[in-house]
Amino acid sequence: MTGSDWDDAAFETRAIHLGQEPDPITGAVVPPINLASTFAQDAVGAPRAFEYSRSGNPTRAALETALAGLEGAAHGFAFASGLAATDAILRQLDPGAHVVLPDDAYGGTYRLVNAVHRRAGLTFTSADLTDIDALRTACTDRTRIVWLETPSNPRLRVIDIAAVSAVAHERGAWCAVDNTFATPYLQRPIELGADVVVHSTTKYLGGHSDVVGGFAALAPGLDGLADGIAFVQNATGAVPGPFDCYPVLRGLKTLAVRMDRHSENATRIAAFLRDHAAVAEVFYPDGELAAKQMRAAGGMVSFTLADGEDAAVRVVGATRVFTLAESLGAVESLIEHPARMTHASVVGSPLAVDPALVRLSVGLESVADLVDDLRRALDTLRR
Ligand SMILES: Cc1ncc(COP(=O)(O)O)c(C=O)c1O
């Protein structure tokens with residue numbers, strides 16, 4: 001079976017087979033890591049399927065087919081990082097164009113808009129996109145993209161993708177969704193009306209903390225935008241090498257089972273934290289809207305400490321199973337202090353993070369061990 005033959009199959013089946021069919025010559029059941037940088041041509045100006053690996057490479061093409069298919073997208077583009085994918089989308093805008101950003105988002109996305117694209121003439125407004133009236137107020141006649149992250153980083157806020165997409169379309173703008181925290185197994189923004197989906201494949205899609213990558217997927221009907229992104233992908237060259245495409249392809253095959261277990265473990269941890277006296281507030285996307293647009297709540301949990309920043313810094317330094325590190329979405333559990341780590345670039349901006357906040361990426365270890373580890377770390381605050 002190839003390509004669209006998998007359309008009727010369930011997510012788990014497509015995640016294993018789509019774009020990853022046995023090699024037609026050797027029968028290899030996993031796509032080879034094709035290291036060729038250039039490909040023989042039959043005549044001048046008559047390349048075969050591939051020409052030069054910045055423009056296209058078989059291992060990258062397998063990833064682009066597989067992940068675009070899982071998102072229900074018509075086009076998929078793999079990049080060297082999540083930020084490179086975001087950059088390629090923002091480069092589609094003319095100077096003077098306006099973007100609406102959420103007031104809770106990955107700090108690097110804000111930095112890219114504020115410190116790089118603003119210098120090239122982009123304007124932006126950040127707004128609370130859980131409030132549709134605030135979104136309407138933030139839009140201008142020049143708004144071309146409404147950008148959102150749901151669940152958001154680091155507060156795990158849930159934004160109504162269908163409602164935001166509808167407002168974006170009323171204004172003639174695209175709705176772009178960073179789907180890194182949910183993955184296409186838990187949430188498919190294009191089915192809810194979004195135009196563009198962005199991933200840091202570094203996270204759950206790779207799933208093992210051993211690759212940095214990004215992805216942009218486009219809804220059907222956006223062929224002009226697809227041409228623009230393909231042009232930037234080739235013209236600026238922020239492409240992943242075949243060695244980096246491979247672990248993401250492999251990660252897709254186990255994505256469904258990993259996300260189920262991440263969600264189960266995180267649900268237990270959110271419940272434990274909600275009952276703990278040292279914890280002021282727990283953020284976990286398990287409300288009504290999340291249930292409407294997500295299959296499960298995912299593996300990210302954030303919480304604030306009643307005793308503020310010093311307590312947060314002590315706790316992130318006191319765990320043993322949770323490793324103190326940036327990034328997220330892999331088999332091992334990670335803990336971090338967003339205000340001084342992943343979100344240090346938004347200090348003083350509208351996206352600044354409460355310094356009492358701790359973010360967990362709940363991994364696939366025994367949940368009993370994870371709860372014990374957090375209990376021990378929180379107990380150190382009493383001493
Ligand atoms: C939600 C989200 N989007 C985008 C990015 C950027 O991805 P990358 O680090 O692969 O450039 C990150 C990185 O942490 C992220 O958490």
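The values are calculated or read from the model by the stated rules, or taken from the named source; none is laboratory data. Computed from a predicted structure; not experimentally measured. Note that we place each Cβ from the backbone using ideal geometry, even for glycine, and neighbour counts take in every protein chain shown. Heavy atoms of the whole protein, side chains included, go into the accessibility calculation; ligands, DNA and RNA do not. Shrake-Rupley method; radii C 1.70, N 1.55, O 1.52, S 1.80 Å.
With respect to PRO32, is the statement that it is open to solvent by 40 Å² or more (accessible area, probe 1.4 Å) and either more than 24 Å from ILE159 (Cβ to Cβ) or in contact (Cβ under 8 Å) with a residue 24 or more places away in the chain (or both) true?
Working: open to solvent by 40 Å² or more (accessible area, probe 1.4 Å): yes; either more than 24 Å from ILE159 (Cβ to Cβ) or in contact (Cβ under 8 Å) with a residue 24 or more places away in the chain (or both): yes.
Yes.
Being crowded, with 17+ Cβ neighbours inside 10 Å, under 17 Å from the mean Cα position of the chain (by Cα) and of a type in the set (Gly, Ala, Ser): is that true of GLY207 here?
Yes, satisfied.
With respect to GLU64, is the statement that it is of a type in the set (D, E, K, R), away from the ligand (no atom under 16 Å from the Cβ) and out of contact with any Asp or Glu (no Cβ under 7 Å at 6 or more places or on another chain) true?
Considered against the rule, which asks whether it is of a type in the set (D, E, K, R), away from the ligand (no atom under 16 Å from the Cβ) and out of contact with any Asp or Glu (no Cβ under 7 Å at 6 or more places or on another chain), GLU64 comes out as yes.
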Report summary line: Checked pairs for the stretch 52-66, first more than 14 Å from ALA238 (Cβ to Cβ) and open to solvent by less than 10 Å² (accessible area, probe 1.4 Å), second part of a helix (DSSP H, G or I) and aromatic (Phe, Trp, Tyr), C-beta under 7 Å and 6 or more apart or across chains, list as THR59/TYR246
Query raised in the report: Looking at GLU326, GLU281, GLU365, which is the one that is acidic (Asp, Glu), modelled with pLDDT of 95 or more and over 25 Å from LEU205 (Cβ atoms)?
Result: GLU281
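The rows are residues; the columns are (1) assigned to a loop (DSSP other than H, G, I, E, B); (2) open to solvent by 50 Å² or more (accessible area, probe 1.4 Å); (3) away from the ligand (no atom under 12 Å from the Cβ).
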site	(1), (2), (3)
ALA78	no, no, no
ASP94	yes, yes, yes
SER152	yes, no, no
ALA162	no, no, yes
SER165	no, no, yes
ALA168	no, no, yes
THR180	yes, no, no
Query - Subset of the stretch 29-69 (residues that are of a type in the set (S, T, N, Q) and either over 17 Å from ALA80 (Cβ atoms) or part of a loop (DSSP other than H, G, I, E, B) (or both)) - result: ASN34, SER37, THR38, GLN41, SER53, SER55, ASN57, THR65
Report summary line: Selection from the stretch 312-336 of residues within 25 Å of ASP103 (Cβ to Cβ) and out of contact with any His (no Cβ under 9 Å at 6 or more places or on another chain) yields GLU326, SER327, LEU328, LEU334, ILE335, GLU336
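Every residue, every condition in (1) touching a helix residue (DSSP H, G or I) at 6+ places or on another chain (Cβ under 8 Å); (2) within 16 Å of the ligand (Cβ to nearest atom); (3) under 14 Å from SER361 (Cα atoms); (4) at pLDDT below 95, yes or no:
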{"residue": "THR202", "(1), (2), (3), (4)": "yes, yes, yes, no"}
{"residue": "HIS208", "(1), (2), (3), (4)": "yes, yes, yes, no"}
{"residue": "PHE215", "(1), (2), (3), (4)": "yes, yes, no, no"}
{"residue": "LEU225", "(1), (2), (3), (4)": "no, no, no, no"}
{"residue": "GLY241", "(1), (2), (3), (4)": "no, yes, no, no"}
{"residue": "MET259", "(1), (2), (3), (4)": "yes, yes, yes, no"}
{"residue": "ARG268", "(1), (2), (3), (4)": "yes, no, yes, no"}
{"residue": "ARG274", "(1), (2), (3), (4)": "no, no, no, no"}
Requested in this report: Would you confirm whether any residue within the stretch 6-17 is at pLDDT below 95, open to solvent by less than 70 Å² (accessible area, probe 1.4 Å), assigned to a helix (DSSP H, G or I) and not polar (S, T, N, Q)?
Outcome: yes
Query raised in the report: Does SER263 qualify as being hydroxyl-bearing (Ser, Thr, Tyr) and within 15 Å of the ligand (Cβ to nearest atom)?
Result: no
Requested in this report: Kindly indicate which of ARG136, ARG144, ARG157 is in a loop (DSSP other than H, G, I, E, B), of a type in the set (Lys, Arg) and touching a residue at least 12 places away in the same chain (Cβ under 8 Å).
Outcome: ARG157
Query raised in the report: Identify, please: which residue in the stretch 182-199 is more than 16 Å from the ligand (Cβ to nearest atom) and under 17 Å from LEU225 (Cβ atoms) and is, among those, surrounded by the fewest Cβ atoms within 10 Å (Cβ to Cβ)?
Result: GLY193
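Residue under question is ASP133, and the condition is that it be open to solvent by 40 Å² or more (accessible area, probe 1.4 Å), under 21 Å from VAL164 (Cβ atoms) and away from the ligand (no atom under 16 Å from the Cβ); does it hold?
Yes, satisfied.
Filtering the stretch 224-272 down to residues that are among the acidic types (Asp, Glu) and touching a residue at least 60 places away in the same chain (Cβ under 8 Å), which residue is most open to solvent (accessible area, probe 1.4 Å)?
Looking at the filtered set, the residue picked out is GLU264.
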Query raised in the report: Restricting to the stretch 80-92, what's the tally of residues that are part of a loop (DSSP other than H, G, I, E, B) and within 16 Å of the ligand (Cβ to nearest atom)?
Result: 3
Report summary line: Filter the stretch 96-129 for residues that are among the polar types (S, T, N, Q) and not in a helix (DSSP H, G or I); the one that is surrounded by the most Cβ atoms within 10 Å (Cβ to Cβ) is SER126
Requested in this report: State whether one or more residues within the stretch 112-123 are near the ligand (Cβ under 10 Å from one of its atoms) and under 16 Å from the mean Cα position of the chain (by Cα).
Outcome: yes
